[in-house]
1. Quote the convex hull volume per residue of region 164-269, based on C-alpha atoms, as a whole number of Å³.
2. In nm, give the distance between the simple-model label positions of residue 76 and residue 192, each being 7 Å from the Cα along the Cα-to-Cβ direction.
3. Taking the Cβ-Cβ separation of residue 250 and residue 146 as r and a Förster radius of 41 Å, what is the calculated FRET efficiency to the nearest 0.05?
4. Order these by the 10 Å Cβ neighbour count, fewest first: 40, 208.
5. Per residue of the chain, what 222 nm ellipticity follows from adding -39500 (n - 2.57) for every DSSP H run with n ≥ 4, rounded to the nearest 500?
6. Based only on other Cβ atoms within 10 Å, what is the fewest-to-most ordering of 166, 211?
7. For region 169-269, what is the relative contact order in percent, using Cα pairs closer than 8 Å and at least 6 residues apart in sequence?
8. Which order do 219, 164 fall in if you start with the one that has the fewest other Cβ atoms within 10 Å?
């Protein structure tokens, strides 16, 4: 009986080791001179050609099937100027294009909701960008992209921590996005922005959301009910006017934290 018990314990231990070894086995993939791609053709794992300057994934019979750009797939690719994503795109993982150039054009051709990972486009040279539908723009996804001058939004629910900080945008218009929350320092360090427009759906504006937006003069809020403010979101700005719906002016002036800006709150023109 003791021998049987010992045999059983050894068998279980060996089986566990086998499972552990299998879990560490790299997923099978295919390689070309330009890239590594998953065996099913759905995930672009790594772009290997450092001389690529333009890439149209939708025009390529293989790459058009891709729906995921893997973590760090194009990280620090200094020669890549322009990219057109495939129509099937569903996800761009963490740091996929961190410190890549992208100084030409970045084109999304999908009506689907795309998931972005943290720092997906961190510190790129993007100048203009029209985003696809996104539920949440995560941590530093477009932060420190100093050349960014024009940014257009589609549907968006949450703008995450430091998502689009430190750039030269002159205007940020979120009016038709459906956004409900701006997290801590979500739009901080946009030193050239003068006007920000928020939609009727906005409910929460996080701590230091607009910190160091030094030229910010006006913010238009289309929400009938004052969004919840976390402390003081307008630190180190030049805020002069807060435009709100006419029927809500007094409500804003009496709301927690908003009442500190009562002299600046007025009806939308």
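Readers should treat all values here as calculations from the given coordinates under stated rules, not as data from a laboratory. Quick caveat, the model's predicted, so the values are computed rather than measured. So basically every Cβ, Gly included, is an ideal-geometry build from the backbone, and we count neighbours across all protein chains shown.
1. Values: hull volume 8.6 nm³, N = 106.
Hull volume normalised by residue count: 81 Å³.
2. So the two model labels end up 2.8 nm from each other.
3. The value I calculate is 0.50.
4. Numbers: 40 12, 208 19.
Exposure proxy ranking, most exposed first: 40, 208.
5. Values: 2 runs with 28 residues, N = 269.
Helix-only estimate at 222 nm: -3500 deg cm²/dmol.
6. Working: 166 19, 211 22.
Fewest to most other Cβ atoms nearby, the residues stand as 166, 211.
7. Values: 265 pairs, mean separation 22.8, N = 101.
Contact order relative to length: 23 percent.
8. On the way: 219 24, 164 27.
Sorted ascending by nearby Cβ count, the order is 219, 164.
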